[in-house]
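Visitor: One structure coming up, written as structure tokens, with questions to follow.
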Amino acid sequence: MDVYEAVTSRRAVRGFKDEPVSREVLERVLSAAAWSPSGSNIQPWNTYVLTGARLTELKTHAVERVAHGDPWDERQYVMYPPALKSPYAERRSAFGKERYSALGIAREDWEARQRAAIGNWNCFGAPAALFCYIDRDLGRPQWADVGMYLQTVMLLLRAEGLHSCTQMAWSQVRETVAEFLSPPDGLILFCGMSIGYEDPAVSYARTGRAPLDETVTFVGG
């Protein structure tokens with residue numbers, strides 16, 4: 001698989017087979033991802049990988065917590081600005097409409113939307129999950145570095161025939177995650193990432209992208 005194919009075939013998969021992902025493959029991906037760029041090479045990512053019985057246990061605890069209506073953990077970062085301006089608000093709204101329409105869920109069916117959202121904490125059935133932390137004392141450039149690292153991981157997973165789904169939703173139950181991972185004080189959970197082989201039986205809508213001239217400006221010759 002070449003780089004272009006990896007980029008264009010990568011998407012947030014929300015339905016995985018229970019087929020295990022080998023430790024060897026995960027180590028190969030994460031070893032190569034360590035070459036991701038970062039300012040002054042400080043490599044600000046702190047990654048934990050869960051598989052097997054331990055991941056199953058975390059899923060169970062997280063799903064039960066959410067299903068029981070327990071309050072979310074206090075956010076350690078702002079996921080979206082309170083007033084998302086144009087054109088970002090329209091893009092977010094279009095995504096939600098496409099996603100729930102693919103699942104056959106009406107806009108006003110709040111209970112069905114909640115049930116679909118709970119799939120996040122079951123990792124959509126994935127047999128492996130990655131949790132990425134960043135030191136709370138680092139700044140916005142380092143958060144950008146973490147984003148480049150995660151993108152590199154996702155593209156390498158595609159090269160291995162795997163799919164993924166990054167999930168900031170895990171930050172809402174970060175204390176439950178911490179019970180399993182015991183991260184050092186001072187680290188913030190940015191996101192989780194479900195990893196596995198796609199289940200083709202799960203329907204999805206491939207979200208579109210803005211036209212090039214809406215996001216790119218060429219200056220010069």
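Visitor: For the chain, what percent of Cα pairs sit more than 28 Å apart?
Guide: In whole percent, the long-distance tail amounts to 32.
Visitor: Evaluate the distance, in nm, between pseudo-label points positioned 7 Å from the Cα of ARG54 and of ASP18 along their respective Cα→Cβ axes.
Guide: Output for this residue pair reads 2.1 nm.
Visitor: Largest first and in whole Å, give the semi-axes of the stretch 42-103's equivalent ellipsoid, each being the square root of 5 times a Cα gyration tensor eigenvalue.
Guide: After scaling each eigenvalue by five and taking roots: 28, 20, 15 Å.
Visitor: State the percentage of accessible surface on the chain attributable to carbon and sulfur atoms; use a 1.4 Å probe and exclude ligands, DNA and RNA.
Guide: Carbon-and-sulfur percentage of accessible area, whole number: 52.
Visitor: Two-decimal Rg/Rh of the stretch 108-221 from alpha-carbon positions, Kirkwood Rh?
Guide: Checking Rg against Rh, the ratio lands at 1.03.
Visitor: Connecting C-alpha atoms closer than 10 Å in a GNM of the chain, tell me which of VAL177, VAL78, VAL63 has the biggest fluctuation.
Guide: Of VAL177, VAL78, VAL63, the Gaussian network model singles out VAL78 as fluctuating most.
Visitor: Still on this model: With springs only between Cα atoms under 10 Å apart, run a GNM on the chain and tell me which of MET168, MET193, MET154 wobbles the most.
Guide: MET168
Visitor: Now, a different point. Over the chain, what is the mean sequence separation of C-alpha contacts under 8 Å (at least six apart), divided by residue count, expressed as relative contact order in percent?
Guide: 39 percent
Visitor: Most mobile of GLY125, GLY15, GLY139 per a Gaussian network model of the chain (Cα springs, under 10 Å)?
Guide: Of GLY125, GLY15, GLY139, the Gaussian network model singles out GLY139 as fluctuating most.
Visitor: Here's something else I'd like to know. Ignoring everything except DSSP H segments at least 4 long, calculate the 222 nm mean residue ellipticity for the chain; use -39,500 (n - 2.57) per segment, divide by total residues, nearest 500.
Guide: After summing the helix terms and dividing by residue count, I get -12500 deg cm²/dmol.
Visitor: Leaving out ligands and nucleic acids, and using a 1.4 Å probe, what accessible area per residue does the chain come to in Å²?
Guide: Heavy-atom SASA per residue in the chain reads 59 Å².
Visitor: Same structure again: If r is the Cβ-Cβ distance from THR207 to ASP185 and R0 is 41 Å, what FRET efficiency results, to the nearest 0.05?
Guide: 0.65
Visitor: Let me ask something else. For the stretch 1-91, max minus min Cα coordinate along each principal axis, in Å, sorted largest first?
Guide: 41, 40, 30 Å, listed from the longest principal axis down.
Visitor: Could you tell me which chymotrypsin sites (Phe, Trp or Tyr not before Pro) in the stretch 178-221 are loop residues by DSSP with no more than 13 other beta carbons within 10 angstrom of their beta carbon?
Guide: Hits after loop and neighbour filter: PHE218.
Visitor: Treat every Asp and Glu Cβ in the chain as -1 and every Lys and Arg Cβ as +1, leave all other atoms uncharged, and give the resulting dipole magnitude about the Cα centre to the nearest 20 debye.
Guide: Approximately 480 debye in magnitude.
The values are calculated or read from the model by the stated rules, or taken from the named source; none is laboratory data. Here the structure is a predicted model, which means the values were calculated and not measured. Neighbour counts are summed over all protein chains in view; Cβ atoms, including those assigned to glycine, are modelled from backbone coordinates with ideal geometry. Side chains are part of the model used for accessible areas, which takes the heavy atoms of the whole protein and leaves out ligands, DNA and RNA. Shrake-Rupley method; radii C 1.70, N 1.55, O 1.52, S 1.80 Å.
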